[in-house]
């Protein structure tokens, strides 16, 4: 089954404790992206990747890192999480950025 | 950066009513997307449009490239259509999203 998976689905952590949210797709898509969704603000792009080893900042990249060592995986890293990074995070993939994007199930992160 | 505006922000209707959600954007685009998000659920792509009109079941999406405007219509609405509907426009680096329309269909 074609899908985008994210782990963990729920995470409660404390300020400053490094964490990684994994994202994996099995559709051989070149484009992958991370978004955060906040009430009243909608979805905003954090980072995106056009292909392996190619990543770039989106609209809200501060406090986040990403890597794209393999085509299927695009982990989101929070080196020192802060409470303002409490949010619902979605990973998505697509053959190209303008085409239909396939979203992961979301990761609800709470930083205390 | 493209600005995407959706209206209305919230909409409550009775089962069976015809629903229209609007989306306007500021800069010319290559594609516009309509997404659906159920409460507590993930995000599903409903349509991708670059011109004209598309239909899938009771859902119809139209786009007017010259006016930079798109509409999503739901015919014979049903409580299971209750969800947040999000408009997004495609650019070279990905999607820019509207804030969404929260739709509630009452039985």
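Where a number appears in this text, it was derived from the coordinates with a stated rule and is not lab data. Just so we're clear, the structure is a prediction, and the values are computed from it rather than from any experiment. Virtual Cβ from ideal backbone geometry, glycine too; neighbours counted across all protein chains shown.
In summary, strands (runs of 3 or more DSSP E) completely within chain B and bearing 3 or more residues that are crowded, with 16+ Cβ neighbours inside 10 Å and at negative phi occur at B:19-25, B:32-37, B:43-49, B:59-64, B:69-74, B:83-91, B:94-97, B:101-106. Of everything listed in (1) touching a strand residue (DSSP E or B) at 6+ places or on another chain (Cβ under 8 Å); (2) within 11 Å of another protein chain (Cβ to nearest Cβ), the single unmet condition for residue A:89 is (2).
Among the numbered conditions (1) touching a residue at least 60 places away in the same chain (Cβ under 8 Å); (2) within 13 Å of chain A (Cβ to nearest Cβ), the only one that residue B:94 does not meet is (1). Across the stretch A:43-53, which residue is farthest from the other protein chains (Cβ to nearest Cβ) among those that are surrounded by fewer than 20 Cβ atoms within 10 Å (Cβ to Cβ) and touching a strand residue (DSSP E or B) at 6+ places or on another chain (Cβ under 9 Å)? Among those that are surrounded by fewer than 20 Cβ atoms within 10 Å (Cβ to Cβ) and touching a strand residue (DSSP E or B) at 6+ places or on another chain (Cβ under 9 Å), it is A:51.
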